[in-house]
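Structure first, then comments.
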Amino acid sequence: MSKFQSGSHWGIYTVEVEDSKVVGVEPFEKDPNPSPLIESMPSAVHAENRITSPMVRKGWLERGHESDTAGRGVEPFVAVSWDTALDLLAKELKRVKDTHGNQAMYASSGWGSAGCFHSADGQLQRFFNCFGGFVRQVTNYSFGAATVILPRILGTMEPVVGQITSWPTIAQHTDLMILFGGMSPKNAQVNKDGVGAHDSPDWLKRVRDAGVEFVCVSPLRDDGGELNADWLPIRPSTDTAMMLGLMHTLVTEDLYDADFLSRYCVGFERFRDYVMGETDGVAKTADWASQITEIDALTIRTLARRMAAGRTMVAVSWSVQRADHGEQPYWMAATLAAMLGQIGLPGGGFGYGYGSSNGRGMPKMAMPSPKLPTGNNPVEAFIPVARVTDMLLNPGAKIDFNGQELTYPDIHLVYWCGGNAFHKQQDINKLLQGWRKPDTIVVHEPWWTAAARRADIVLPCTTTLERNDIGAVSSDRFWYAMRQAIPPVGEARTDHDIYAALAERLGFRDAFTEGRNEDAWLRHLYEETRQKLGELDMELPGFDRFWENGHFEFPIPEDPPVLFEKFREDPDANPLKTPSGKIEIFSETIDSFGYDDCLGHPAWFEPAEWLGSEKTKQHPLHLISNQPRTRLHSQLDVGVISRGSKISGREPVWINPQDAEARGILEGDVVRIFNDRGACLAGAFVTPEIRPGVVQLSTGSWYDPLDPSAAGSLDKHGNPNVLTMDKGTSKLAQSSIAQTALVEIEPYEGLVPEITVFAPPVTSRAT
């Protein structure tokens, strides 16, 4: 038996290999709380639905770009040689470029790999930039609204992706931490860049044991973890209204910091008029907020007083902004913290994403990490990532975005690498219509996901265990070697090798590879970054020694920074990168856009679907589609941990006992969840840990329709995105609103259909 160290979005681990097969897994010895997700790796790597050779949809193989696109997801695939697949693809890429231009190609990627070199987005961008560019995506599905609103009001994305006030500082200085959207422990299992050590659980215990008090504002009690938090079971998508109720109390009881607002902020007076109802005739009192949130008015007023009485941290999860008008709770939270006057003080102020991924809140060193250079994209056209369906369906249409007017390009080729559109995108049935529009769809995938099944050309790529890479985690204290453990499964190739072979056929292999193979690239990227760190007085071993040792551990800073500490010390010497140099409670820039769904100051807007709307007469339950416990997004749904969590083979749906009893639903029943957009099956999990009127169905269950040829067909497996709404947050960010959806649930009648998504589709071999 041989052992090889690797790493992933969910941790460092060692795999045991016999006869080129992964037979076991061991956690990293320095990981205090390893994720159980690593146990899914053996079953995932050797899953029945691995793609073992290049595949071409039968209709496309016969007619190319003139094929009937309705055959996607229906027609069988034909296995072809790599030379055939690459020749066909290179010819098609050249045809689209010559006929329609690079602006007719849309390329997208996701969390395909935690490695620095084999990162799917880096490889894809480098290839297409060498080829003349592509229509790119901006923002993201995780915190897309934040990526637009925060640079406008704070001048930086640091509170979401950078160093926020750390847990040691919170443990020492914070009295009260308000968790809007909660802080579920399951989310801290993973990180986009990888995980060296799961330190968050231990730090949370230290913070709790230090006497910090927590208030969890969420429809799910579980979002408070083991923090002994007071649970406020708020209506989904009403956090903004609750914050306004808190602010009204702070104003009327003179509990806000006028000096801080004057020195460090602009526009508070205009916002105060809104809070007090002088601009719209509606005072945002605690009683007003209570009617919207269903949190008792006295509770709101009492909480406001607690917040003003001590050192308070206002924390907002990423999930809160994945809702209609998702810009508003982030803007409102910064404003609320400003009113308390504690921004820049140890343990006070605000932070976004605490607990939303591993590393958030961890003390860390600010340092570069190895990254594949991607070059420049000559194509100017782009879309907010969540608007991909609209783009495919409406070429030439115009939309507002962040002060600009965008025109949707006419896309003839879609290229997907390291992501699954049928996991990420809302309203899958609408996506299916858009998916038929392009001439050609290309997918790199190890497994037969829904996206792969609906592609024209499918190229089998390796998993992390079938290649070498470097894990370098910007939010963690470890860099680590990711060693190839097994040969590529079947005929799988690395994304880099696929692109290099395509680049050779298109005439730019040297520009793409720079004459380096995998080993040479790893050495180059490591040594390049090692030199940069040396200039910062950080000494790392040479590559060979690093690779032999398996990891390098950085020291934890003794004096971790406090968010906006320097700004508070001297706002004139350290201004924010906003027009005013200050926190913009009122933004003249945003106001100048004239948007009716995003004003010049933070405000409450009624969501398109919520428990206070008339739509509850038909669909009275609010669906929460949050991150799963048993996988990362849709990754590892094929693994034993995720599949072992299913109920009758379906994704579990949490439902309150009151709602279950009213519908005749018992624990373990297969149920149908539906609205006007679609329907899916799920397994009922009846629990008082979710508030009445709300149901929870995690994202990432692989889409498995009863009839693959028909949009609107019943999903057998429990994918919430057949139910979610495809609408932008506002004209400002145009981001995902996955948490804005009303549904109804009923027991499923009749024979429960078989799950088929974990078996490969019908294939044949080219003759």
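The values are calculated or read from the model by the stated rules, or taken from the named source; none is laboratory data. As the structure is a computational prediction, the values presented were derived from the model and not from experiment. FYI the Cβ positions are ideal-geometry reconstructions off the backbone, even for glycines, and counts take in every protein chain you see.
Filter the range 77-104 for residues that are within 32 Å of the chain's Cα centre (by Cα) and either closer than 21 Å to T449 by Cβ or not assigned by TED's automatic domain parsing to the domain that holds L393 (or both) and give the result. Result: F77, A85, L89.
Return the residue satisfying two criteria in turn: it lies in the range 570-586 and is over 17 Å from A337 (Cβ atoms) and out of contact with any strand residue (DSSP E or B) (no Cβ under 8 Å at 6 or more places or on another chain), and of such residues it is surrounded by the most Cβ atoms within 10 Å (Cβ to Cβ). Give the steps one after another, and end with the answer.
Filtering the range 570-586 down to residues over 17 Å from A337 (Cβ atoms) leaves 570, 572-575, 577, 579-581.
Next, from what is left, pick out any that are out of contact with any strand residue (DSSP E or B) (no Cβ under 8 Å at 6 or more places or on another chain): 570, 572-575, 577, 579, 581.
Values: D570: 9, D572: 8, A573: 8, N574: 14, P575: 13, K577: 9, P579: 13, G581: 16.
Residue satisfying both the conditions and the ranking: G581.
Scanning the range 277-330 for residues that are crowded, with 24+ Cβ neighbours inside 10 Å, in a helix (DSSP H, G or I) and charged (D, E, K, R) yields one hit, E327.
Here G73, G101 are screened, and the one residue that is more than 20 Å from V443 (Cα to Cα) and either surrounded by fewer than 19 Cβ atoms within 10 Å (Cβ to Cβ) or in contact with a Lys or Arg (Cβ under 9 Å, 6 or more places away or on another chain) (or both) is G101.
Of all residues in the range 134-151, those that are in a helix (DSSP H, G or I) have Cβ atoms under 9 Å from Cβ atoms of residues that are modelled with pLDDT of 95 or more and of a type in the set (K, R), 6 or more apart or on another chain, in G144/R322; A145/R322; P151/K577. Scanning the range 399-418 for residues that are in contact (Cβ under 8 Å) with a residue 60 or more places away in the chain and within 26 Å of H325 (Cβ to Cβ) returns I399, D400, F401, N402, G403. Applying the set (1) assigned by TED's automatic domain parsing to the domain that holds R530; (2) of a type outside the set (F, W, Y); (3) surrounded by fewer than 24 Cβ atoms within 10 Å (Cβ to Cβ); (4) closer than 23 Å to K91 by Cα to P378 leaves exactly one unmet item: (1).
When you check G64 against the structure, is it surrounded by fewer than 21 Cβ atoms within 10 Å (Cβ to Cβ), closer than 29 Å to P705 by Cα and touching a helix residue (DSSP H, G or I) at 6+ places or on another chain (Cβ under 9 Å), yes or no? In short, yes. Yes or no: R523 more than 30 Å from A338 (Cα to Cα), in the same structural domain as G7 (by TED's automatic domain parsing), without any contact (Cβ under 8 Å) to a residue 24 or more places away in the chain and in contact with a helix residue (DSSP H, G or I) (Cβ under 6 Å, 6 or more places away or on another chain)? So R523 passes the test.
So is A684 surrounded by 24 or more Cβ atoms within 10 Å (Cβ to Cβ) and among the aliphatic types (A, V, I, L, M) or not?
Details: surrounded by 24 or more Cβ atoms within 10 Å (Cβ to Cβ): yes; among the aliphatic types (A, V, I, L, M): yes.
Considered against the rule, which asks whether it is surrounded by 24 or more Cβ atoms within 10 Å (Cβ to Cβ) and among the aliphatic types (A, V, I, L, M), A684 comes out as yes.
Within the range 611-631, the set of residues being in a loop (DSSP other than H, G, I, E, B) and either under 22 Å from the mean Cα position of the chain (by Cα) or surrounded by fewer than 20 Cβ atoms within 10 Å (Cβ to Cβ) (or both) comprises G612, S613, Q618, P620, S625, N626, Q627, P628, R629, T630, R631.
Inspection of the range 428-441 finds a residue satisfying the criterion of being surrounded by 24 or more Cβ atoms within 10 Å (Cβ to Cβ) and either more than 24 Å from the chain's Cα centre (by Cα) or part of a loop (DSSP other than H, G, I, E, B) (or both).
Scanning the range 56-97 for residues that are charged (D, E, K, R), in contact with an Asp or Glu (Cβ under 6 Å, 6 or more places away or on another chain) and in a helix (DSSP H, G or I) yields one hit, K58. Being under 15 Å from E746 (Cβ atoms), touching an Asp or Glu at 6+ places or on another chain (Cβ under 8 Å) and outside the structural domain of G403 (by TED's automatic domain parsing) holds for only one residue in R677, R672, and it is R672.
Do we find that L413 is hydrophobic (A, V, I, L, M, F, W, C) and in contact with a helix residue (DSSP H, G or I) (Cβ under 6 Å, 6 or more places away or on another chain) in this structure?
In short, yes.
Just wondering, is there one or more residues in the range 704-722 that are within 30 Å of P602 (Cβ to Cβ) and either over 22 Å from the mean Cα position of the chain (by Cα) or surrounded by fewer than 24 Cβ atoms within 10 Å (Cβ to Cβ) (or both)? Checked against the condition, which is being within 30 Å of P602 (Cβ to Cβ) and either over 22 Å from the mean Cα position of the chain (by Cα) or surrounded by fewer than 24 Cβ atoms within 10 Å (Cβ to Cβ) (or both), the range 704-722 yields no hits at all.
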